[in-house]
């Protein structure tokens, strides 16, 4: 299969502290709201996790989704927090301003492997390289694996990625060197996704999405969501298939032609998010009932 049109799209985080977390993304990381959508019931492809209630999706990043790797924040109205496992190891961002802004606003900054590290209010890690950048500032997303050789076989042979750099316990790979790349880190132990598990999404030419499903099935890989068309009210319908790698990391393959229509920058995105936050009285409702939002 041709690889030229394949691209990394975004990583999905489930959040419970929508107000605090979106403030962190905007004020500290310096990302912009690209679009915001509200849904009254759970996603057919479990984009918001295995939950069936009202939820929202906020796409946020440094530039248009056509040319940047961005973040999808999914918020389930009845859930306040999620348990983290050892599966997601961080997003690496190149920036000369993030650390200074974090310190000025009182966010803790720690050190890890020579990099400065921030953790957002919902517990996800960001590794900051203090340098200016060309192209998208989000350079890598790091996932843990239990057996690097087995994971590399899956991601190269089946997904079609190229290995750009490999060490004994880690590797860097992707579809091209100018895209956000996947870092696999071998922990030498089983991978626990807990309930905060995320999902990485890729755009593939539409004809290749059903082909990926067939390929994964023929190789006895895990299909989490068979080929399905996902409508978004007032926007394009995207065909996707959701699979899992050997360590059960979720992967979404989406029809890129449709996704490019769906993901057009919405100039009202920030306003829609702010309106949704202002209208969200779920904390007050739970407080009146003498309860807290669910921690799952």
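Here are some notes:
- Centre-to-centre, using Cα atoms only, the range 244-263 and the range 42-96 are separated by 13 Å.
- Order of 38, 183 - criterion: other Cβ atoms within 10 Å of each residue's Cβ, fewest first: 38, 183
- Residues in the range 51-86 reached by a label modelled at residue 281 [backbone nitrogen below 18 Å; 7 Å Cα→Cβ]: 54-55, 77-79
- Within the range 13-53, backbone nitrogen closer than 19 Å to the virtual label 7 Å beyond the Cα of residue 271 toward Cβ: 32-38
- With helices as the sole contributors, the chain gives -5500 deg cm²/dmol at 222 nm; each DSSP H run of n ≥ 4 counts as -39500 (n - 2.57), and the sum is divided by every residue.
- P(r) of the range 92-251 over all Cα-Cα pairs, binned every 10 Å from zero, in whole percent: 9, 32, 35, 20, 5, 0
- Reciprocal of mean inverse Cα separation for the chain (Kirkwood radius, Å): 19.7 Å
- For 243, 296, order by how many other beta-carbon atoms lie within 10 Å, fewest first: 296, 243
- Taking every DSSP bridge with both residues inside the range 128-281, close to 60 percent are antiparallel.
- Put a dot 7 Å past the Cα of residue 44, heading toward its Cβ, do the same for residue 5, and the two dots end up 2.3 nm apart.
- A crude spin-label estimate for the pair residue 223 and residue 52, with each label 7 Å from Cα along the Cβ direction, gives 2.4 nm.
- Gyration tensor verdict on the range 141-235 (Cα atoms; rounded if a/c is under 1.5, prolate if a/b is larger than b/c, oblate otherwise): prolate
- Averaging the sequence gap over all C-alpha pairs within less than 8 Å and six or more residues apart, then dividing by the number of residues, gives the chain a relative contact order of 22 percent.
- Net length available on complete extension from residue 261 to residue 292 is 7.3 nm, with 0.36 nm assigned per residue and the Cα-Cα distance removed.
- Most mobile listed residue (146, 263, 218) in the chain, GNM with C-alpha springs under 10 Å: 218
- Å³ per residue enclosed by the Cα convex hull of the range 157-296: 177 Å³
- Under a Gaussian network description of the chain, with springs only between Cα atoms under 10 Å, the residue in 72, 250, 284 that fluctuates furthest is 284.
All of the numbers you see were taken from the coordinates with simple rules; none came from a lab. Since the structure is predicted, the reported quantities are computational estimates derived from the model, not experimental observations. Here Cβ is always computed from backbone atoms with ideal geometry, including for glycine, and neighbour counts include all displayed protein chains.
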